[in-house]
Amino acid sequence: MRLRIIAGRANTGKSTYIYDEIIRTAGKTKDNLILLVPELMTYQAESDIIQRYDLPGIMNIEILSFKRLENKVLEEVGGNKLSEMSVFGKIMLLKQIFEENKEKLKVFGSSYRQSGFLKEFEELISELKQNLIDGSSLIKAASNVEDELLKNKIYDIELVYSEFHRRTEGKYFDEEDKTNLFISFIKESSYINNSRIWIDGFESFNHQRLSVIKALCDFSKSVTLSLNIDSSYLENPEDKDDFEAFKIIHDTYLTIEKLDLHMEVISLEQNLSLAPEIKAIEKNMFSLNAEEYERDTDNITIYSSLNPYTETQRTAAKIISLVRDKDYRWRDIKVALGSLDTYETNIKRVFAQYEIPYFLDVKRDILNNPLSKYLLSILDMFIWKFKHDHVFEYLKTGFSPLSTSQVQCLENYALQYGIEGEKWFREFTKNETDNKDMEEFRKEFAGDFEAERKVVNKLKTVNEITRLLFKYLDKHRVKEKMDRAVKGFNAMGKFEEASEFSQCWNYTMEVFEQLLLVGQDMEISIKEYRKMLEAGLAEVEISIIPPAIDKVEVGEIERIAVTKPKALFIMGANDTNLDSGNTEKGLLLNEEREELLENDVKLTKGGDYDIFKEKHMLYKLFSSPSHELSVSYPLGLATGESLQASLY
C-alpha cells in the first residue's frame, strides 16, 4: 500500500528518472517491469527507451496503456471471454431506449434524432460509469436542485442510464464493465503480483482508474507515479502566481491522497533544458510576475504569414535549413498544428514539393475507404432504386466484377443515354448502341442484383440484412482483393496505405459484430440499417505506427505536446486555435456540472476542467523542445477572413 510520486515541472527529467530506474532494475531482477503511459505515448516511450540506451530490444520491459494491461490480466485469469459492447453497440442500444421511452422523457424526448446526440449521451454514460455514479445518486441530486431545466435533465439522464444498465447487466460488457472486472481480478493475477510498475505521462484519473491504481499498489511489488508539478505546489498552491497551469495536476494529487496510501514524494527541481530561452518560457509562460529575458533569443522565432499556405511554405523552408545547415535529423523535428482541418492539405502539398519526409500523426476514419463505400453503396442502390450516383459509387470501389476501364466505358454510356433505375435491368436496345460490350457489362452488373432487388423489402431484421451484405462480400471475394491491395501497397513502399487498408477489414467486421450483438432480431428498415451501419463505421478511427523512424512528425497540439523534440514548430497560433474561450461541450453546461459536483455527483470534468487542461497542455507544448522553438500564425485565410494571433 505504498506509492512513490516523482514530482517536478517540465524538463526536470521525470521520464528519464523512470527510464533509468527501469533499466537498472532490469539487470537485477526477473520481475515483470511495466511502464504504463497514455495510449498515444506507447510507441514514443518504446522508441525513447530503445534509442536512449542503445538497446537491441526490450523483451523484459513492457510499455503498456491501462487498457492493454487490463486485457493482459483478463486473458491470464480467464475474464476476457465476454460479449463485449463497443461504442457503436452502445449507441445502437441507446437509440432503442430513446425510441421506446420518448414519451417519458421531459427534455431529451426528440433530441436523439439530432446528429451527434447519441454519441454525446454515450460519452456521458461512460463518464458516469468511470466515476462510479449510480442512478440513486442522480435522483438524490435532482431532488436538491432548484433549476427546473437541470432537474428534468437529470431525471431524463437517470431514466436512460438505469434502463441501459438493466439491459446490459449480466449480458454485455462495455469498457467500463471490463475495467471493474479487471479491478476485481488484480489480486488473483500472478502477473501483477510479480510486477514492478511505473506510471508516466498522465494528468488526471477518473475514479475508476484511481481504483485500479490503489489495487496495483496493494498487490504488485511497487508502484511509481510521475506528476508534472513542482513538489512545492502540492501544499498551498494558490500562493504560486502560475498555479492555474498546474491546477489539474494538483487536483489529481488531492484525489490520490484520498486513497489511503503511504506516499513518498521524490522531488526533481533542476530544469535540464539545453536552451536558456526555453527555460525562461517554461518558468514564466503563465506567471503573473514574469521575469524579463534580457539576452538574445536566437533559439526562438515568431513570425506571421499572409495565409496558412504561405505559412506552411515558410515552415518547410526553415525545416530544410535545420537539416542542411545544423545537421538535424528529420526525426528531431516536430510540427504542432493549431487546426488540422486548416493545415492538413497544405502540409501534404508543400512538404511533398520540398521533399520533406513526414508522418502525419492523425487518426484516420474509414468512411472513405473503398470497403465502406462498397457496403453503403449496395444499400443505397436498394434504397434509392439504382440511381446513377449510387451505381457508380459501387462500381468504382474496385470490388465489383467489372474492371476500371469497363466501368469508365459504362459510365460514359449511362450518362449519354440516361441509364438509371429500371433501365439497368432491361436489355440495351440497338437504337442506343451497336456496341455489344455495353450489354455484356450491363448483364455482369445487373445479374448480381436482379433477384435480390425483388425481395430486399421483405428483409425486416438486422440479421437478415447483414446476411445479404455478407453474401456480396463472399461473392465478390472482397477479403481476397483487399489482401492483394495490401501487398501491392507494400511493394510500392506505401506502408501507411497498406496499414490503413489491412486494419479496415477487421474494424468493419467488428461493426457487424456489434450490430448483431445488440440488435440481431430487432425489426429495422433497410434505410435505418444503413444509418446505423454508417454511424458505426464513422466511429472507427485507425491509428498507424510511423513506417520509418527518420521523418518529421506532424500532428495536432494534443498529440505533439507529449513528445520531446529538438526543434518544435507551432503553426496556426491564432486565438481561435489556442484560446478555447471555455467552449461548452456535451449535454451538461458548465454551471450544471458545478451544481452536480456540489450535490456529491463527482464527475471528472467540472465546469472549469477544460480551461485548466488547456493551460497545462500549452505549458507542456511550449516547454517541450530542447533546442529551438518556432511559433507562427497566418493573418488571414484564403477566403479573405482575417485572423488574430493568440494572446498566449
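The values are calculated or read from the model by the stated rules, or taken from the named source; none is laboratory data. The structure presented is a predicted model; accordingly, all values stated were derived computationally and were not measured. Cβ sites come from the backbone with ideal geometry, for glycine too, and all protein chains shown count toward neighbours. Heavy atoms of the whole protein, side chains included, go into the accessibility calculation; ligands, DNA and RNA do not. Shrake-Rupley method; radii C 1.70, N 1.55, O 1.52, S 1.80 Å.
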Exercise for the section: Heads up, I need the accessible area for residue 495: 1.4 angstrom probe, whole protein in place, Å², nearest 10. Expected result: 100
Handout entry: Computed FRET value (nearest 0.05) for residue 385 with residue 51, which takes r as the C-beta separation and R₀ as 51 Å
Key = 0.30
Practice task
Output the antiparallel fraction of DSSP beta bridges having both residues in the chain, as a percent to the nearest 5.
Solution key: 10
Practice task
Please calculate the 1.4 Å probe accessible area of residue 77, with all protein chains present, and give it to the nearest 10 Å².
Solution key: 40
Handout entry: Kirkwood estimate for region 36-144, i.e. one over the average of 1/r between Cα atoms, Å
Key = 17.9
Problem - For region 376-385, 3J(HN,Hα) per residue [Karplus equation, 6.51 cos²θ - 1.76 cosθ + 1.60, θ = phi - 60°, Hz, x = Gly/Pro] - result: 5, 6, 4, 5, 4, 4, 5, 5, 9, 6
Completion exercise
Karplus ³J(HN,Hα) for region 563-577 (6.51 cos²θ - 1.76 cosθ + 1.60, θ = phi - 60°; Hz, whole; x = Gly/Pro) runs 9, 10, x, 6, 10, 10, 10, 9, 9, x, 7, 9, 5, 6, 9
Completion exercise
With Cα coordinates, the longest principal axis of the chain makes an angle with the long axis of helix 117-130, in degrees rounded to 10, of 40
Fill in the blank from the handout: If one compares the long axis through the Cα atoms of helix 207-219 with the longest principal axis of the Cα atoms of the chain, the angle in degrees, nearest 10, works out at 60
Fill in the blank from the handout: 1/(1 + (r/R0)^6) with r = Cβ-Cβ of residue 368 and residue 602, R0 = 51 Å, i.e. FRET efficiency to nearest 0.05, evaluates to 0.80
Practice task
From largest accessible area down, sort 390, 262; use a 1.4 Å probe on the protein chains.
Solution key: 262, 390
Exercise for the section: Find the all-direction average of the projected area of the Cα convex hull for the chain, expressing the result in square nanometres with one decimal place. Expected result: 33.9
Exercise for the section: Please list 596-602, 112-118 highest first by mean number of surrounding beta-carbon atoms within 10 Å per residue. Expected result: 596-602, 112-118
Problem - Förster radius 51 Å - calculated FRET efficiency between residue 298 and residue 262 (Cβ-Cβ, nearest 0.05) - result: 0.60
Practice task
Would you mind checking the tilt of helix 66-77 against the longest principal axis of the Cα atoms of the chain, expressed as 0 to 90 degrees and rounded to 10?
Solution key: 80
Exercise for the section: For residue 487, put the label point 7 Å out on the Cα→Cβ axis and report which residues of region 356-390 keep their amide N under 11 Å from it. Expected result: none
Practice task
Would you mind pulling out the separation of the Cα centroids of region 103-154 and region 539-561, in Å?
Solution key: 35
Completion exercise
So, with points 7 Å from each Cα along the Cβ direction, the residue 422-residue 455 label distance in nm works out to 2.3
Problem - Dipole of the chain, positive end: most advanced residue of 623, 401, 164 [Cβ charges, Cα centre] - result: 401
Fill in the blank from the handout: Treating only Lys and Arg (+1) and Asp and Glu (-1) as charged, each at its beta carbon, one finds that region 369-446 has a dipole about its Cα centre, in Debye to the nearest 20, of 140
Exercise for the section: Please report, in debye to the nearest 20, how large the charge dipole of the chain is about its Cα centre when each Lys and Arg carries +1 at its beta carbon and each Asp and Glu carries -1 there. Expected result: 2160
Exercise for the section: Give me the accessible area per residue for the chain, probe 1.4 Å, as a whole number in Å². Expected result: 48
Exercise for the section: Once you have the Cα-Cα distance between residue 1 and residue 495, take 0.36 nm times their residue separation minus that, and quote the gain in nm to one decimal. Expected result: 173.2 nm
Practice task
Run the dipole for region 122-250 about the Cα centre, Lys and Arg Cβ at +1, Asp and Glu Cβ at -1, nothing else charged, and hand back the magnitude in debye, nearest 20.
Solution key: 840
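Could you pull out the trypsin sites (Lys or Arg not before Pro) across region 6-80 that fall in loop regions by DSSP (anything but H, G, I, E, B) with no more than 12 other Cβ atoms inside 10 Å? Present the calculation step by step, with values, prior to reporting the outcome.
Values: sites: 9, 14, 24, 28, 30, 52, 67, 68, 72; in loops: 9, 28, 30.
Passing both the DSSP loop test and the Cβ count: 28, 30.
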Completion exercise
Along the dipole axis of the chain (charges at Cβ: +1 for Lys and Arg, -1 for Asp and Glu; origin at the Cα centre), the most positive-end residue among 310, 23, 643 is 23
Exercise for the section: Please list, in chain and number order, the residues 5+ apart from residue 338 or on another chain whose amide H is under 5 Å from its amide H, with Hs placed from the backbone. Expected result: 571, 572
Handout entry: Percent accessible area from carbon and sulfur atoms, the chain, protein chains only, probe 1.4 Å
Key = 47
Handout entry: Accessible surface of residue 95 - all protein chains present, 1.4 Å probe, nearest 10 Å²
Key = 40
Problem - Separation of alpha-carbon centers, region 311-331 and region 242-279, rounded to whole Å - result: 34
